[in-house]
1. For B:SER25 and B:SER13, calculate 0.36 nm times their separation in residues minus their Cα-Cα distance, and state this gained length in nm to one decimal.
2. How would A:GLU10, A:GLU82 rank on accessible area, largest to smallest, probe 1.4 Å?
3. How large, in percent, is the carbon and sulfur part of the accessible surface of chain B at a probe radius of 1.4 Å?
4. To the nearest whole number, what is the average tally of beta carbon atoms from other chains within 10 Å of the beta carbons of peptide B:34-44?
5. Within the range B:88-107, find all residues whose amide N lies under 16 Å from a label point positioned 7 Å from the Cα of A:THR87 along Cα-to-beta-carbon.
6. If you plug each phi of the range B:14-25 into the Karplus form 6.51 cos²θ - 1.76 cosθ + 1.60 with θ = phi - 60°, what whole-Hz ³J(HN,Hα) values come out, in order, with x for Gly and Pro?
7. Per residue, how large is the accessible surface of the protein assembly as shown? Use a 1.4 angstrom probe and give square angstrom.
8. Give the distance, in whole Å, between the Cα centre of the range B:50-94 and the Cα centre of the range B:1-30.
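The values are calculated or read from the model by the stated rules, or taken from the named source; none is laboratory data. What you see is a predicted model, and the numbers here were worked out from it, not measured in a lab. Ideal geometry is used to build each Cβ from the backbone, glycine not excepted, and the neighbour counts take in all protein chains shown. Heavy atoms of the whole protein, side chains included, go into the accessibility calculation; ligands, DNA and RNA do not. Shrake-Rupley method; radii C 1.70, N 1.55, O 1.52, S 1.80 Å.
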Amino acid sequence: QVQLVQSGPEVKKPGSSVNVSCKSLGESFSTYTINWVRQAPGQRFEWMGRIMPGLGRTDYAQKFQGRVTMTADKSTRTAYLEIASLTSDDSAIFYCTRNSMGARSHWYFDLWGRGTLVSVSS
Amino acid sequence: IVLTQSPDTLSLSPGDRATLSCRASRRLSSNFLAWYQHRPGQAPRLLMYGSSNRASGVPDRFSGSGSGTDFTLTINGLAPEDFAVYFCHQYDNSLAFSFGQGTKLEI
């Protein structure tokens with residue numbers, strides 16, 4: 001069954017970093033773009049950026065540039081999101097989601113992970 | 001691009017028709033707008049893309065319409081499993097995707 005399986009919940013201290021993983025099961029990894037989206041409590045979804053594992057290319061939303069790093073390991077079909085210098089404002093559920101590469105008409109998200117809760121508290 | 005959904009909450013009964021709205025702050029080229037269903041604790045599910053194209057496996061009671069800045073998701077004959085949160089997503093701006101705040105469809 002095609003799915004994106006995310007790592008488990010994390011509890012972090014302010015100033016630390018967190019690494020969230022997203023493993024693709026069932027389909028080719030390199031023909032898709034993996035996006036990361038966060039949802040803070042009571043807030044709407046917010047796009048953080050994308051990685052194209054087949055090309056090794058990343059794009060980050062302006063808000064997250066410099067503090068977020070997205071990587072991917074094609075051999076394990078796993079994408080990673082690292083967030084540095086965490087603050088309590090980073091407490092949220094982080095989702096990985098995918099879209100087909102190619103024309104912009106295909107950039108909707110056809111598959112999502114179930115999300116990873118990251119709690120930042122002293 | 002800011003997406004504003006209305007209403008925030010919609011209270012209906014099984015069998016009713018639901019009409020959900022998503023308005024964009026500027027015109028979307030080629031109607032690059034998608035709708036998703038989200039149940040608590042589950043992965044969001046793609047319903048519609050390109051405004052009016054139903055995703056694979058989505059029942060035909062779901063339909064999407066609209067263009068430019070105004071988009072609508074309609075659910076005819078609500079089933080019990082349809083009560084969830086629905087949100088829209090624009091993928092027109094490739095470096096700044098954005099989402100609506102969601103509409104909660106409740107019984």
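1. 1.2 nm
2. If we order A:GLU10, A:GLU82 from most to least accessible, we get A:GLU82, A:GLU10.
3. 45
4. Average neighbour count from other chains, rounded to a whole number: 4.
5. none
6. So the Karplus estimates, Gly and Pro as x, are x, x, 6, 9, 10, 10, 10, 10, 9, 10, 9, 6 Hz.
7. 45
8. 9
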